[in-house]
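Below is one structure; the comments refer to it alone.
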Amino acid sequence: MSSDWAVTTIGEICAKVFSGGTPTSTNPAYYEGGTVPWLRTKEVNYCKIYDTEQRITQLGFENSSAKLVPANSVIVAMYGNGDTAGRVAVNKVPITTNQACCNLVIDETKADFRFVYYYLMGQYKALVDLKNGGAQQNLNGQLIKAFPITLPSVEEQCEIAVFLEALDDRITLLRETNATLEAIAQALFKSWFVDFDPVRAKMEGRTPEGMDEATAALFPDGFETSELGEVPRGWRVQPLDSVADYLNGLASQKFPPTGSDDLPVIKIAQLRKGDTVGADLASRVIKPEYVVQNGDVLFSWSGSLEVEIWCGGEGALNQHLFKVTSSVYPKWFYYLWTRHHLDNFRQIAASKATTMGHIQRGHLSAAKVVVGSDRVLDSANCILSPVIDRIVSNALQAQTLSILRDTLLPRLISGQLRLPEAQAATEAALCGVLQA
């Protein structure tokens, strides 16, 4: 820590510290048609809060112990399921919270609220270690108020916070962009290959919406009967597992790590969170086809069924996961068709009378896809392949920035690293991603 940084407590830098309240759930007048944002701890997850999942009415607000939390307060989850306790967030609009939230209204003459937010984010483990109680370990307002914090000048706090916030904003923008790109890809795929909108338009004598004449000419102007019902004339219906290979993963425990150049094991948990932080390790002696690379399509067929384009780094494919590939069709085609059938696969898995629902290979054969003409596929490929490539590129950049933020954060908030050094490290990391 820099010698000019002061040691104080959270309570000393706050104008107010208070918890929220919950209107009684037995009175619908406290909830129905509510306009007052009301935050629960599950929404406190290292984020900026502009709105809440639930709202209460003004009557509910007035008849509970809930208090209005001014914008730019730091909110700490005191208890909740899993690792919720100790998480932090910043509200960007005035809100109310439930009683499990500790709301810190920062005295702006003493501290920058953003710096306090990042400080508590970086001190998550130390904060959680203070939890007490019986079966459910909790934090409380007194523990949080007494929690120590080291601070530079308010001006330097602001500079550090602006840098970290810019990283977070860039990560958020990349993820929001990917959500938009994914929606665009799915919409075009559904229009062409599921709803057959261009074919229907031509049958009605219309030019397909948003399509030039050359592209429209690639589509037939009528349907023919198939096992799926009416499909565009000349198009084929095939089983899902005929357009892609679904490689099931290995029992990774049969390949124990050697301690040298081992691979993180990609299980369902890693697929869901998108990285291999804290993952088990396996030996690299596994066959190359079981090694997962960025950009591979992974499908968890057991437990929590998900289909994702993996961007969490090299790893070993664990059992209960398919790596989906094709030597014939482009990635967008088998990825979007697998996603198209995901809801049905989930229903099949949920109907299994076991503790862990799953699908079988026969369900892949039973799921059908519609394959357009080569010219239609080529036209779609010119649009969708660059979209998928952009999604992968954005995801990798967001992953790099997240790792960088988590690496720089504890050093910046402790004064071990100066801001110019952090800025240089960020530029170097981004250059590396863009060049790759």
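The values are calculated or read from the model by the stated rules, or taken from the named source; none is laboratory data. All of these numbers come straight from a predicted model, not from anything done at the bench. Here the Cβ is made from the backbone with ideal geometry for all residues, glycine too, and neighbour counts use every protein chain on show. To get the accessible areas, we keep the full protein, side chains included, count just its heavy atoms, and leave off ligands, DNA and RNA. Shrake-Rupley method; radii C 1.70, N 1.55, O 1.52, S 1.80 Å.
Residue-by-condition table, conditions (1) surrounded by 15 or more Cβ atoms within 10 Å (Cβ to Cβ); (2) under 26 Å from residue 143 (Cβ atoms):
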| site | (1), (2) |
| --- | --- |
| 7 | no, yes |
| 11 | yes, yes |
| 15 | no, yes |
| 19 | yes, yes |
| 25 | no, no |
| 29 | no, no |
| 32 | no, no |
| 39 | yes, yes |
| 51 | no, no |
Going through segment 220-263 in order, the residues found to be within 30 Å of residue 292 (Cβ to Cβ), open to solvent by 40 Å² or more (accessible area, probe 1.4 Å) and assigned to a loop (DSSP other than H, G, I, E, B) are 255, 256, 257, 258, 259, 260, 261
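It is to be established whether one or more residues within segment 42-49 are in a loop (DSSP other than H, G, I, E, B) and over 16 Å from residue 95 (Cβ atoms).
Filtering segment 42-49 for residues in a loop (DSSP other than H, G, I, E, B) gives 44-47.
Right, trim to over 16 Å from residue 95 (Cβ atoms) and you get 46.
Yes - at least one qualifying residue is present in segment 42-49.
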Which condition from (1) touching a Gly at 6+ places or on another chain (Cβ under 6 Å); (2) under 30 Å from residue 242 (Cβ atoms) is the one that residue 410 breaks?
(2)
When segment 305-338 is checked residue by residue, the ones that are farther than 19 Å from residue 362 by Cα and open to solvent by 10 Å² or more (accessible area, probe 1.4 Å) are 308, 309, 311, 312, 313, 314, 318, 327, 328, 329, 330, 331
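For segment 86-200, which helices (runs of 4 or more DSSP H) that fit wholly inside it have 2 or more residues that are crowded, with 20+ Cβ neighbours inside 10 Å and touching a helix residue (DSSP H, G or I) at 6+ places or on another chain (Cβ under 9 Å)? I'd like the intermediate steps shown before the answer.
Working: elements: 113-122, 124-128, 141-145, 154-189.
In segment 86-200, 113-122, 154-189 are the helices (runs of 4 or more DSSP H) which contain 2 or more residues that are crowded, with 20+ Cβ neighbours inside 10 Å and touching a helix residue (DSSP H, G or I) at 6+ places or on another chain (Cβ under 9 Å).
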Show the residue pairs meeting these rules: Cβ distance below 8 Å; 6+ apart or different chains; first residue within segment 9-32 and within 23 Å of residue 126 (Cβ to Cβ); second residue small (Gly, Ala, Ser) and crowded, with 19+ Cβ neighbours inside 10 Å.
13/111; 19/100
Evaluate segment 56-78: report whether one residue or more is hydroxyl-bearing (Ser, Thr, Tyr), part of a loop (DSSP other than H, G, I, E, B), surrounded by 14 or more Cβ atoms within 10 Å (Cβ to Cβ) and under 22 Å from the mean Cα position of the chain (by Cα).
no
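If you take the residues in segment 386-410 that are charged (D, E, K, R) and touching a helix residue (DSSP H, G or I) at 6+ places or on another chain (Cβ under 8 Å), which one is nearest to residue 5 (Cα to Cα)? Quick ask: steps written out before the conclusion?
Restricting attention to segment 386-410, the residues satisfying the condition of being charged (D, E, K, R) are 389-390, 405-406.
With touching a helix residue (DSSP H, G or I) at 6+ places or on another chain (Cβ under 8 Å) added as a condition, the list becomes 390, 405.
Working: 390: 43, 405: 22 Å.
Here the residue is 405.
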Filter segment 264-296 for residues that are in contact with a Lys or Arg (Cβ under 8 Å, 6 or more places away or on another chain) and assigned to a helix (DSSP H, G or I) and give the result.
289, 290
Here the qualifying pairs (Cβ atoms under 7 Å; residues six or more apart or on different chains; first in segment 401-415 and touching a residue at least 60 places away in the same chain (Cβ under 8 Å); second open to solvent by less than 40 Å² (accessible area, probe 1.4 Å) and hydroxyl-bearing (Ser, Thr, Tyr)) come out as 404/426; 409/118; 413/118; 413/119; 414/150; 415/2
Residue list for segment 177-214, filter: in contact (Cβ under 8 Å) with a residue 60 or more places away in the chain and among the β-branched types (Val, Ile, Thr):
177, 184, 194
Tell me, yes or no, whether segment 326-338 has at least one residue that is closer than 30 Å to residue 234 by Cβ, touching an Asp or Glu at 6+ places or on another chain (Cβ under 7 Å) and in contact (Cβ under 8 Å) with a residue 24 or more places away in the chain.
yes
Flagged in segment 344-396 as surrounded by 18 or more Cβ atoms within 10 Å (Cβ to Cβ) and of a type in the set (Gly, Ala, Ser), in numbering order, are 349, 357, 367, 372, 379, 380, 393, 395
